[in-house]
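For reference, the structure is listed below as structure tokens.
FYI, it's all coordinate maths here, none of it is from the lab. Since the model is a prediction, treat every value here as computed from it, not as a measurement. Don't worry about glycine lacking a Cβ; one is built from the backbone with ideal geometry, like all the others, and counts go over all protein chains shown.
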């Protein structure tokens, strides 16, 4: 089975075709751009792009070290843009938005803020290795104006581990690099499922409390 055939089967929207062409023409900087965009648009699949970068390195189109370093640079660049989105949004605006949302209280924002202040650096580091949340974690860091140097350091460290693992997998698997997406994709679905369950529990609990209060 040819790599191009595999790519088309993986992504009907031709996103991976585009990234393949980008890596072949621009090399490691092209991989960095792809990962930066993946950070800004979480539906873009890093579990496809990173193993593909490893496969491209195995073909000699870039060195393995360049693939790891450039994709980590792309991860940090994308995270910084989202950090500034959070900083521009700001704490007061988030509180105002929360006050207008049904079932959400400003106290929920306060508790989340208190948790993030206690665990922010660990959240940024480990969040970089959790599908979907690896991009979104940069926004609350910006809202809370986390110190920039530690934010960049923890983002780079977490991204380096995630990127290295997936790139090495693609490098070692060769033509079977797409298997990485299948297994990591299961993890992504589990994370999304848990997030949906958490939201449902929150909504049900808040509605139950609201009904109970209305009867008093």
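Values as computed for the structure displayed
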item: Residue 40 versus residue 176: modelled label distance in nm, points set 7 Å from Cα along the beta carbon direction; result: 3.7 nm
item: Radius of gyration and maximum dimension Dmax of region 22-90, Cα, Å; result: 12.7, 45
item: Residue 117 versus residue 136: modelled label distance in nm, points set 7 Å from Cα along the beta carbon direction; result: 2.3 nm
item: For peptides 31-40, 87-96, 120-129, sequence by mean Cβ density within 10 Å, most packed first; result: 31-40, 120-129, 87-96
item: Relative packing of 164-172, 66-74, which averages over residues the other C-beta atoms within 10 Å, highest first; result: 66-74, 164-172
item: Distance-filtered residues of region 144-160 - backbone nitrogen under 17 Å, label point 7 angstrom along residue 129 Cα→Cβ; result: 153-160
